[in-house]
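Participant: Take a look at this one; I'll ask things after.
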Amino acid sequence: MKCQRCDKPATFHITELTGGKPQELHLCEQHARAYLTESEQEQPGGQSLAGALAQQLAVGQTAEELARLDQQACPICGITFFEFRKEGRLGCPHDYVCFQKELEPLILNIHGELQHVGKRPQRSPANTDRQTDLIRLRREMKEAITGEDYERASKLRDEIRQIEQSS
Amino acid sequence: MNVDFTSLARTSGEWLRGAGPEADIVMSSRIRLARNLADFPFISRANPGDRTEIERVLRERIVAIGDLGPLSFVDVNKLVALDRQFLVERQLISREHSEGDGPRGVVIAENEQISLMINEEDHLRIQVIQSGLNLQNAWETINRVDDLVEKQITYAFNEHLGYLTACPTNVGTGMRVSVMLHLPALVITRQIDKLFRSLQKISLAVRGLYGEGSQAMGDFYQISNQITLGRSEADLVKQVGDVIPTIIDYERKAREFLVRESHENLHDRVSRAYGILRTAQTISSEETMHLLSSVRMGVNLGLIHDLEIPTVNKLFIYTQPAHLQKITGGELDTADRNIERARYLRRLLNKEERGGDGVNQN
């Protein structure tokens, strides 16, 4: 087989993967080398969380707006948007609801979609409010213990037990 | 039931078997699912009490599942660093899980195909790993494990976003499909970077042997999906699975090219690598990986005739620091490890010798 770019025999057989479809290239050593060392622009890290966050937050947000956004906190787990931005990890399932407006463009940027189409759990979280209540109550109980308010902590513990037993 | 590390150190996990389709190039197929309990904060906001409770709930309910065969629970928090590293080398826990803190553990099924990490980045990470190119089988297995766990536990799930995870990069299916490929000829012919760029364009990630941030050691590359939302699990399996035959073909063509156009150099490379591994008196982990890669390719190309792929696969894992220390019985510093590693390699590789110098002269 001849090289696709000259008359020398093709010794390199390169399969290019573009758009998921393989494309065959047959080249001599010289042309293959040139082809393989062609300067190609590195893909921007669009899929990485940091890259996506930077891209999302760069869109027309003033410092003031960003500061306000950063201070928003989840009422259930207490995490602020700033903490999420810094650590890249959310604090509880409710964050997806309370930061919905901020997260949607980010999720769209990472996945290109906003609607789950896969498997669903057999046991659905029947009473979502109850479950987020549990997260909130456990957090409040911890705060009560830290603040040495044992009476309140004990009330909260009873409340947690009640919810756990009824679910 | 507790894991006996001494006996684990003598066995080799199912993914090292060197069996399964395309095992000359595909080392293993792995799928993991990220799951969280609906009524606890994610790990980053969970206090030690929450984590203890999450660990207890998940451990008790998983171990109670009868259909998964014999299960062992390892309390990762109580392990010494060497044992944690051993589990990482064995791919039973992630590096993050090993280096984390607080209550955390892993449930391991008998043949090491299934492991369930508790309190990693998410409350639960289910993993199935199999030898060779076996994605469909891995998916069927992990789906069944997930169904069994789901009967016991209410997962954090949202109608729109699917399974909710600590990091938005995993939301939706929570699924990462990975195939570990041995691509020495693409490295030698310097085509590997080009392959990476092509894969990035179709939203596939390429990483080293031990996942995110790890260097590609011994020419092993892990290819996995980046997107987890908006596609079904079957689609994700297909997305990764569809591209693998093309990469295998690409590697085979590069090997054929080397055999045809550069046979002497290739044979020399393989023979020297085998020679050094069988005679060295001290050798680093890095050099071992590098040389074993050439030897593995040499075995697959018929240039080495007295060595089997499962032995080579095993050597990749057993010459790493934690495994080496486990089999030679105790903690060793780097210099002593290098001596023990060389001794171990000489013993295993020369024992397999069946006459001649082991290198095919044809």
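Each reported figure results from applying straightforward, stated rules to the coordinates on display, with no laboratory input. Everything quoted here is computed from the prediction, not taken from an experiment. Quick reminder, even Gly has a Cβ in these numbers, built from the backbone with ideal geometry, and neighbours come from all protein chains shown.
Participant: Calculate the FRET efficiency for residue A:25 and residue B:64 from the Cβ-Cβ distance with a Förster distance of 56 Å, rounded to the nearest 0.05.
Facilitator: Efficiency computed from Cβ-Cβ geometry: 0.50.
Participant: Put +1 on the Cβ of each Lys and Arg and -1 on the Cβ of each Asp and Glu in chain B; which of B:165, B:276, B:335 then has its Cα farthest toward the positive end of the dipole?
Facilitator: Towards the positive end, the residue furthest out is B:276.
Participant: A follow-up question, please. From the cross-link list B:194/B:238; B:78/B:326; A:2/B:253; B:238/B:314, which pairs have alpha carbons spaced over 19 Å apart?
Facilitator: Check vs 19 Å cut-off fails for B:194/B:238; B:238/B:314.
Participant: Residue A:164 to residue B:140: FRET efficiency via 1/(1 + (r/R0)^6), r the Cβ-Cβ distance, R0 35 Å, to the nearest 0.05?
Facilitator: Using R0 = 35 Å, I get an efficiency of 0.55.
Participant: Quick one: if you stick a label point 7 Å off each Cα along the C-beta vector at residue B:111 and residue B:193, how many nm between them?
Facilitator: With each label point 7 Å from Cα toward Cβ, the separation is 4.2 nm.
Participant: Still on this structure: What's the average, rounded to a whole number, of partner chain beta-carbon atoms within 10 Å of each residue's beta-carbon in A:139-149?
Facilitator: The mean count of partner-chain Cβ atoms within 10 Å per residue comes to 1.
Participant: In addition: Using unit Cβ charges (K, R positive; D, E negative) and no other charged atoms, how large, in debye to the nearest 20, is the dipole of the stretch B:59-163 about its Cα centre?
Facilitator: Magnitude of the dipole: close to 180 debye.
Participant: What order, most packed first, do the peptides B:319-325, B:73-79, A:153-159 have when packing is the mean number of other Cβ atoms within 10 Å of each residue?
Facilitator: So the peptides B:319-325, B:73-79, A:153-159, ranked by packing, come out B:319-325, B:73-79, A:153-159.
Participant: Additional query: How much length is gained on full extension from residue A:130 to residue A:5, taking 0.36 nm per residue of separation minus their Cα-Cα distance?
Facilitator: 38.2 nm
Participant: Using the Cα centre of the protein assembly as shown as origin and beta-carbon charges of +1 (Lys, Arg) and -1 (Asp, Glu), tell me which of A:153, A:75, B:325 is placed farthest towards the positive end of the dipole.
Facilitator: The Cα lying farthest towards the positive end belongs to B:325.
Participant: When you have a sec, figure out the Kirkwood radius of the protein assembly as shown from all distinct Cα pair distances and drop it here in Å to one decimal?
Facilitator: Its Kirkwood hydrodynamic radius stands at 25.3 Å.
Participant: Using a 10 Å cut-off on Cβ to Cβ distances, tally the other chain neighbours for every residue of B:181-194 and report the average as a whole number.
Facilitator: Other-chain Cβ atoms within 10 Å of each residue's Cβ, averaged: 2.
Participant: Find, to one decimal place in angstroms, the Kirkwood hydrodynamic radius of chain B, where the mean of 1/r is taken over every pair of different Cα atoms and then inverted.
Facilitator: Result for chain B stands at 21.4 Å.
Participant: For chain B, give the magnitude of the charge dipole about the Cα centre (Cβ charges: +1 Lys/Arg, -1 Asp/Glu; no others), in debye to the nearest 20.
Facilitator: 540
Participant: As I understand it, the dipole of chain B uses +1 on the Cβ of Lys and Arg and -1 on the Cβ of Asp and Glu, about the Cα centre. Which of B:72, B:15, B:148 lies farthest toward its positive end?
Facilitator: Positive-end residue among those listed: B:15.
Participant: Then there is this: So if I take the alpha carbon set of the stretch B:73-207, get Rg, then get Rh from the Kirkwood formula, what is the Rg over Rh ratio?
Facilitator: That ratio equals 1.00.
Participant: Estimate the FRET efficiency between residue A:100 and residue B:81 by the formula 1/(1 + (r/R0)^6), using the beta-carbon distance for r and 51 Å for R0, to the nearest 0.05.
Facilitator: E(calc), rounded to 0.05, equals 0.80.
Participant: When the chain is fully extended, how far beyond the present Cα-Cα distance does residue B:159 get from residue B:201, taking 0.36 nm per residue of separation?
Facilitator: 12.2 nm
Participant: If you take each beta carbon of peptide B:245-253 and count the beta carbons of other chains within 10 angstrom, what is the mean?
Facilitator: 3
Participant: Pop out the Kirkwood hydrodynamic radius of the stretch A:68-167 from its pairwise C-alpha distances, inverse of mean 1/r, in Å to one decimal.
Facilitator: 15.6
Participant: Mind running the shape call on the stretch B:16-140? Use the C-alpha gyration tensor, a ≥ b ≥ c as the square roots of the eigenvalues: rounded below 1.5 for a/c, prolate if a/b tops b/c, oblate otherwise.
Facilitator: It is prolate, given that a/c is not under 1.5 and a/b is the larger ratio.
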